[in-house]
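Visitor: Next up is a structure, given as structure tokens.
Taken together, the values in this text are just the output of simple stated rules run on the coordinates, not laboratory data. Remember, it's a predicted structure, so these values are computed and weren't measured experimentally. Don't worry about glycine lacking a Cβ; one is built from the backbone with ideal geometry, like all the others, and counts go over all protein chains shown.
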Amino acid sequence: MKRKLYEVLKSWKGTPEKALLLRGPRQTGKTYLMKEFAKEYGSSLYLNLEDEPILRKIFEESRNADEIYTSLSVLKGFSVPKDGPAPLLMIDEIQSSEAAFSALKPLAIDGRCNILASGLLLGVLLNEKLLSPMGYVKMVHVGPMDFEEFLWALGTEEQVTAGIRAMISKESMPESVRKSVDRAFRNYMMVGGMPAAVSAFASSGDYGDVWERQGEIIEFARADVMKYAPNSLKIRILACFDAIPRILAKENKSFMYSEVEHLPGYGSREYDPALDWLIAAGLVLRCRNLTQLAEPFAENESAKSFKIYLYDSGLLMRMYGREAAAAVASGDVYVNRGAVMESVTAQALVASGFGIRYYAKENSARELDFVISYRDMITALEVKSGRKKHSTSLLMTLKEGGVKAAVKCADFKVETDENGVLHLPLFAPAFMGADTDIVLDLPDISELNEMVRNADV
């Protein structure tokens, strides 16, 4: 399955003055990317430090690159040529060995091999002992597949998704295209972007297969908490993780400490370290409330008011259960008070390069789902049912001048209404870009390809 990050790896190959480190949660496709990229080389070696403990000893007992390569030659038959193109050395599951992480510096300086490493939970494991190679390592986050990559996996041509992006940019899209892509987007809401789930869906179109893969991924995440988190935080980390679907299903989606374990007197002091661990691990996304609609956003964030989303909408759907999945499959994308819809929008914005924040005015019912910097303007973005054309919060905020532009994503035709609010499809955030036993209703991809090719983009 094609990933956009592959192009990042190709660019790095031409200028490998640093080791490249892929970081992100388990099962997001880091190992797949590494092994696919190895095909760009005439010679390569793959090491998995979690599966082969003996490999960890190589890094623990070696003092420099020469000793590491000598040990790899003996143990793996890996020879590093003195002349010619550099081979690729892949070090997977590097979180298993502090010594291997520290060795990235001498290996990068040595330069005989291109060094590509991968690890999970590095955000929480990069303690002082692991900081030594940071000037010699380029870190790249690997998250779930975004909606465009999902469409590619289902057979949509790249020129077609480029056409969809152009339509979003031009704020014009035929209804036939919008409705067809909307059907695919409903599937993406349910499947999410975890590669194993996407692969299962692409193979069968049967949500039963997807359901099984998603369950396994959630259990992997829980196991990683129990393996890597501090003992004092493990129970609270899992409690916060399990509380997210419940809190998002409420009318007020701001994170409420009282909803985690329903323990009297428990609040930020007890749960903030657990939330920080989940965020650093890449398992959740935090969306902070803005105290005022002004840039720079980072200086106007509330430390106390925020929302928490799971990193993948498909896993959130799995935690809600089959009834919620059946509702989305039948067209009700606002199930559970729009929890999944809002979550998949947050996921799309992050994948598109946006920072995510929202705005809730104090002592008022007015709230904006997201506030982003889009086309160099402070932009309010709402995700609402298409049955209601106007959003009171958007209109009032535009009137007061708090934002320069307003976008409403809904199941409604693409247009700019009489109030200056731009109406875009539900899937639009996936194409906006910061730079510029249920069987699902799988759309006819060949038909979609033809429609977009024939559209005026």
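Visitor: Could you tell me the relative contact order of region 19-110? Use alpha-carbon pairs under 8 Å, at least six residues apart, and round to a whole percent.
Guide: 38 percent
Visitor: Once you've got the Cα coordinates, tell me which of Lys384/Lys413; Lys253/Lys408; Lys304/Lys384; Lys13/Lys76; Lys10/Lys138 are over 21 Å apart.
Guide: On the way: Lys384/Lys413 13 Å; Lys253/Lys408 19 Å; Lys304/Lys384 26 Å; Lys13/Lys76 23 Å; Lys10/Lys138 14 Å.
Where the Cα-Cα span goes over 21 Å, the pairs concerned are Lys304/Lys384; Lys13/Lys76.
Visitor: In the chain, what percentage of the DSSP-assigned beta bridges are antiparallel, given to the nearest 5? Display every interim value, and only then the final one.
Guide: On the way: 16 of 45 bridges.
The answer is about 35 percent antiparallel.
Visitor: Which ordering of Glu149, Glu67 is given by a fewest-first count of other beta-carbon atoms within 10 Å?
Guide: On the way: Glu149 23, Glu67 15.
If I rank by nearby Cβ atoms, fewest first, I get Glu67, Glu149.
Visitor: What is the pair-distance distribution P(r) of the chain, computed from all Cα-Cα distances in 10 Å bins starting at 0, with each bin given as a whole percent?
Guide: Answer for the chain: a P(r) of 4, 19, 28, 25, 16, 6, 1, 0 percent.
Visitor: Starting from 0 in steps of 10 Å, tell me what percent of the Cα-Cα pairs of region 166-214 lands in each bin.
Guide: 26, 39, 24, 11
Visitor: Using only the Cα atoms of region 187-242, build the gyration tensor, take square roots of its eigenvalues as a ≥ b ≥ c, and label the shape rounded, prolate or oblate: rounded if a/c is under 1.5, else prolate if a/b is larger than b/c, else oblate. Walk me through the intermediate numbers first.
Guide: On the way: a/c = 3.66, a/b = 2.85, b/c = 1.29.
Since a/c reaches 1.5 and a/b is larger than b/c, the shape of region 187-242 is classed as prolate.
Visitor: Name the shape class, rounded, prolate or oblate, that the alpha-carbon gyration tensor gives for region 5-141, where a ≥ b ≥ c are the square roots of its eigenvalues, rounded holds for a/c under 1.5, and otherwise prolate holds if a/b is larger than b/c and oblate otherwise. Don't skip to the answer; put the middle values down first.
Guide: On the way: a/c = 1.35, a/b = 1.06, b/c = 1.28.
In terms of gyration-tensor shape, rounded.
Visitor: Would you mind calculating the gained length between Ser258 and Met139 on full extension (0.36 nm times residue separation, minus the Cα-Cα distance), in nm to one decimal?
Guide: Values: separation 119, 0.36 × 119 = 42.84 nm, distance 3.61 nm.
Answer, rounded to one decimal: 39.2 nm.
Visitor: Rank these for me by crowding, Ser102, Ser393, going from fewest to most other beta carbons within 10 Å.
Guide: Numbers: Ser102 16, Ser393 20.
Ranking Ser102, Ser393 by Cβ neighbours within 10 Å, fewest first, gives Ser102, Ser393.
Visitor: Any idea what the relative contact order of region 247-318 is, in percent, if you count C-alpha pairs under 8 Å spaced at least 6 apart?
Guide: Dividing the mean separation by the residue count of region 247-318 yields 29 percent.
Visitor: Let me ask you something else. Taking 7 Å along the Cα-to-C-beta vector as the label spot, tell me the Leu75-Arg222 distance in nanometres, rounded to one decimal.
Guide: So the two model labels end up 3.4 nm from each other.
Visitor: Which lysines, if any, have their Cα less than 22 Å from the Cα of Lys234, not counting same-chain residues under 8 positions apart?
Guide: By straight Cα distance, Lys234 reaches Lys307.
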